[in-house]
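Below: one structure, written as structure tokens.
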Amino acid sequence: MIHTEVVVSTEDPISFKGDLLVCFVASGRKDSLDCDKRILQVVYEIQQLGDFSAKENECILLYPSQHPKLLNSSAKRVLVIGLGEGKKKRSEAELAELFRLAGGTISSYCEKYKVSDMMISAGPDLGFNQAQLAESLIEGVLLGDYRFSRFKKKDEKEKPYVGIEKILVSAVGWKVKSTALRRAVKKGAYTAVSANEARNMANEPGNHWTATHFAEYAKTMADELNLKCKTLNKAEMSKLGMGGILAVNQGSSEPPKLVVLEHNPKNSKKTILLIGKGLTFDSGGVSLKPAAGMQDMKYDMCGGAAVLGAMRAIAADKPRIRVVAIVPATDNMAGSAALKPGDIIKHYNGLTSEIVNTDAEGRLILADALAYGIEKYNPDCVVDVATLTGAVIIGLGHHYTGLLSNDDKLAGRLLEAGDRAGEPVWRLPLGKEYSKQIESKVADIKNAGGRPGGTSTAAAYLEHFVGETPWAHLDIAGTAWDFTEKTYIPKGPSGIMVRTLVQLVRDWR
């Protein structure tokens, strides 16, 4: 699965003969620098010219053949990256993000100079577990090295750059055992690849990524990674009474699917349920969206992509707890049989819902998946991920994922996991005031509560389907694409929440 080979090597960086050697430097008091002594003199001279001060993510590119003071380095290029003040007090999460950003910068230089193979040398000791920093660095490199071009015609005249083929991490100089370094580098690699897989799913156009594609992808992944997979078809959902998914699918020529992936180790005592919205294209249905920007509605399945991406990394981690992922998948079209405003539907748990707006469809498919998943798997907690409301963008912009929860402890776990993953989360309110907004005069609830507090009223709808189970809802409408610009986040889909969900499972006790 990992097209880039990532290896921990015992080779001394100075003897590396490849395209690019990466070194790090931190600043100290009175213009002092902390870096590999073999490049210290030339870096210091550049610093004295005022061209480099080792600020965070500041770079200089050196050519060993032109710098004899680099001794006999055989690399074609040496990239020196600043880490800021070496003694600056920073949290583990801040340092992890610093190294992820550095990794993204490395990738941009690799693309610019068409680097095929590279070596990363040990950085200065910043007072934290260097294995974890190496993990974040590899994450950043591979996340930054992402590209999606399978629908672009190849230029016959110019060979396209396909990305970094090999990354060597020199074990020389790291203040951590080589076994721990190898484990960390491997973990960073497959976590990044899992997020990139979610990006791939999101980048597929709606005519190439349907509910059936979701099901086929999950089955292939299950066979590859020894997971359990099952898919409910339209007839089975109808028999079970999944009125929300079926209602959203009414206007479509493509049948819906409910995709289930399960990691179930022997003697597992805890179960985490992950649910991702798999709306493969959202036209809005009869409540049609404006034409401008509608092409981005192929991204409405990013929640489903996130939970499947997370399951890929979870399968590699092999945690001792059971993790189940469910993706309710369909598109939302305005065909002749489409759901109409004013219609009333019945969900899996028996609740009836008045349809006020057919463009508030995500909560309808998630509701059935939540009720079914909780009844079927009896989880200790459930987390759903969805591009659910435009209101979350008004409230938080494209910088934070919205979090709503009925459980403070679970919310705290997600806040911490998002912080460690560099995918910040902000908790929004949930309560009876928002539940009141979705009361209906003709049904148990209605699927929209007006513009005020739209993110909270959407979550209030979902809350009706979780009972007493600890539950959290992550609204990624603002972060699934157009996320805060970072060196390792490309334009387009970000793969958001893959790494947060993986971190949540890793930290679970």
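The table below gives the values:
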read-out	value
Selection of trypsin sites (Lys or Arg not before Pro), region 246-290, meeting DSSP coil and at most 16 other Cβ within 10 Å	266, 269, 270
Inter-part distance where region 317-383 and region 107-128 are each reduced to a Cα centre, Å	44 Å
Chain lengthening between residue 233 and residue 63 when straightened (0.36 nm per residue, less Cα-Cα)	55.3 nm
Computed lengthening from residue 55 to residue 468, 0.36 nm per intervening residue step minus Cα-Cα distance	143.8 nm
20 Å Cα-Cα threshold exceeded, pairs from 257/340; 277/376; 234/346; 89/491; 186/270	257/340; 89/491; 186/270
Packing-based exposure ordering (other Cβ within 10 Å, fewest first) of 294, 311, 118	294, 118, 311
Segment residue 506-residue 270, extension gain: residue separation times 0.36 nm, minus the distance between their alpha carbons	83.7 nm
Antiparallel content of DSSP bridges confined to the chain, in %, to 5	40 percent
Net charge dipole size for the chain [Lys, Arg +1 and Asp, Glu -1 on Cβ; Debye, nearest 20]	940 debye
Label zone at residue 111 (point 7 Å along Cα-to-Cβ), backbone N below 18 Å, region 120-153	138-153
Proximal aspartates and glutamates relative to residue 37, as straight alpha-carbon distance under 18 Å, when same-chain residues fewer than 8 apart are discounted	11, 12, 45, 85, 125
Lys/Arg +1, Asp/Glu -1 at C-beta; the chain dipole; positive extreme among 198, 74, 209	74
Modelled FRET efficiency - R0 56 Å, residue 41 with residue 154, Cβ distances, 0.05 increments	0.80
Sorted by Cβ density within 10 Å, fewest first, the residues 506, 320	320, 506
Sorted by Cβ neighbour density within 10 Å, fewest at the top, the residues 359, 145	359, 145
FRET efficiency, residue 129 to residue 393 (Cβ-Cβ, R0 51 Å, nearest 0.05)	0.90
Residue-averaged 222 nm ellipticity for the chain, from DSSP H runs of 4+ at -39500 (n - 2.57), nearest 500	-11500 deg cm²/dmol
For region 436-458 and region 13-36, distance of Cα centres in Å	57 Å
Structure-derived Cα extents along the principal axes in Å - corresponding label in [x] 62, 58, 52; [y] 81, 52, 45; [z] 66, 57, 48	[y]
Approximate spin-label separation residue 15-residue 87, in nm, with each point projected 7 Å along Cα-to-Cβ	3.6 nm
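Laboratory data are not the source of any read-out in this text; all were calculated from the coordinates shown. These numbers were taken from a predicted model, which means no experiment stands behind them. Neighbour counts are summed over all protein chains in view; Cβ atoms, including those assigned to glycine, are modelled from backbone coordinates with ideal geometry.
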